[in-house]
Amino acid sequence: MGLPFGKIPVDVLREVVFKNLGVKREEVVLGPSVGIDGAVINVGNKSLIVSMDPITGALERIGWLAVNINANDVSTFGVEPTFFFSCILLPENSQRKTVETICVQMNEAAKKLGMTIAGGHCEVTPGLVHPIVIGCAMGTTEKGNYVTAGGAKAEDRLILTKTVGIEGTAILASDKEKQLRKALKTSTLENAKKFFSQISVAREAITAFKTGGVNAMHDPTEGGVAGGIHEMADASNLGVQIFEEKIPVAEETLRVCNFFKIDPLCLIASGSLLIAARKNFMNKIMRGLRDSGISASVIGEFLPSPRKRLIKRKDGSEGELIRPTSDHLWLALSQQG
């Protein structure tokens with residue numbers, strides 16, 4: 001049986017990927033591990049934060065997404081992203097216009113974040129159906145002045161910024177517009193496409209980190225908010241309990257997900273930020289985010305036992321928090337209509 005679309009399963013990471021990492025170097029403070037989306041390399045009295053991600057399931061804003069998605073991973077360390085590298089892979093018979101569109105989008109996104117595009121590669125690759133852009137973002141900070149996704153503590157409150165499924169909503173509204181027009185109003189679709197503007201979490205991540213009391217941060221990407229919460233709990237070796245009624249879902253996301261019969265919690269969620277905050281700092285962090293114009297909700301708390309991953313439903317029942325085997329974006333994109 002073949003591997004599912006999207007991220008490689010955790011057992012394959014542990015049993016294959018993480019066992020083939022070349023030589024060990026003392027400068028690498030944090031290398032590949034489950035739930036961690038970046039590496040930390042000490043260089044003199046500085047820590048270099050490095051992250052890499054591809055953009056594969058989106059067409060409309062692929063260059064813009066490549067910069068922002070990678071910048072997000074660096075930002076979740078509490079570090080401002082400053083450098084970007086790209087590898088652009090194009091299908092056969094691609095036109096100059098495609099290269100221009102991707103590069104202009106990357107330029108706009110990098111300027112908005114204050115980043116420099118420092119290098120990369122671009123080629124036409126046989127066998128591809130759609131363009132793929134692989135990005136690498138970097139940022140520097142004083143040695144040790146950062147948090148990771150694995151720093152959450154039992155009883156930390158779990159804060160979610162904005163709403164769930166932001167990136168997935170925008171992708172589906174753009175790439176599946178023809179299908180969605182059968183059931184959704186034009187205004188709903190247009191609003192959904194504008195969700196691309198919410199995908200950066202750099203501002204909220206830096207705001208929360210500077211406020212203090214943040215033990216861990218993570219941006220939920222593939223696997224949605226549900227997958228992101230599991231990754232954070234995995235990295236911290238903790239359990240978690242979340243409350244369905246506290247989880248914000250935009251009306252546009254709900255309508256798109258209902259159309260494709262997918263779960264909003266399992267839809268790729270770049271644009272949201274998960275924050276593990278000390279209980280006595282929670283309100284201060286929430287105020288700081290809201291004062292910066294960023295909506296935020298306390299949706300749960302971390303538990304001591306890593307075996308407990310629970311969701312309390314609106315009807316009062318309690319069940320296991322789903323761990324998606326594949327992002328529900330792929331389920332929607334595969335539907336013909």
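Throughout, read-outs are computed from the coordinates displayed, never taken from laboratory work. Keep in mind it's a predicted model, so treat the numbers as computed, not measured. In this analysis, Cβ positions are derived from the backbone assuming ideal geometry, glycine residues included, and neighbour counts consider all displayed protein chains.
Percent relative contact order of the chain, based on C-alpha pairs within less than 8 angstrom and at least six residues apart? Could the numbers behind the result be given before it?
Numbers: 757 pairs, mean separation 73.4, N = 337.
After rounding, I find 22 percent.
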Item checked: GNM top mover of 267, 48, 13 - the chain, alpha-carbon springs below 10 Å -> 13
Next item on the list: Per residue, how big is the convex hull around the C-alpha atoms of the stretch 157-333? Give it to me in cubic angstrom, could you?
Entry: 109
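Give me the mean projected area, in nm² to one decimal, of the convex hull enclosing the Cα positions of the stretch 82-154.
Numbers: hull surface 30.0 nm².
Mean shadow area of the hull around the Cα atoms is 7.5 nm².
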Note to self: Per DSSP helix of 4 or more residues, -39500 (n - 2.57); summed, then divided by the residues of the chain. What does that give at 222 nm, rounded to the nearest 500?
What the structure shows: -9500 deg cm²/dmol
Checklist line | In Hz, Karplus ³J(HN,Hα) per residue of the stretch 298-315 (6.51, -1.76, 1.60; θ = phi - 60°; x = Gly, Pro) | finding: 8, 10, x, 8, 8, 10, x, 8, x, 7, 9, 10, 10, 10, 8, 6, 4, 7
Note to self: Taking θ = phi - 60°, what integer Hz values does the Karplus form 6.51 cos²θ - 1.76 cosθ + 1.60 yield along the stretch 262-273, in sequence order, with x for Gly and Pro?
What the structure shows: 10, 8, x, 6, 10, 9, 2, 10, 3, x, 9, 10
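Beyond 19 Å, what share of the Cα-Cα pairs of the stretch 149-252 remains, rounded to the nearest whole percent?
Working: 2737 of 5356 pairs.
Of the Cα pairs, 51 percent sit more than 19 Å apart.
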Note to self: Can you give me the Rg/Rh ratio for the stretch 24-142, using Cα atoms for both radii and the Kirkwood formula for Rh?
What the structure shows: 1.02
Notebook entry, point to check: Is the chain best put as rounded, prolate or oblate by its Cα gyration tensor, with a ≥ b ≥ c the root eigenvalues, rounded for a/c under 1.5, and otherwise prolate when a/b is larger than b/c, oblate when not?
Noted result: rounded
Check: Listing 230, 218, 121 from the residue with the fewest other Cβ atoms within 10 Å to the one with the most, what is the order?
Finding: 121, 230, 218
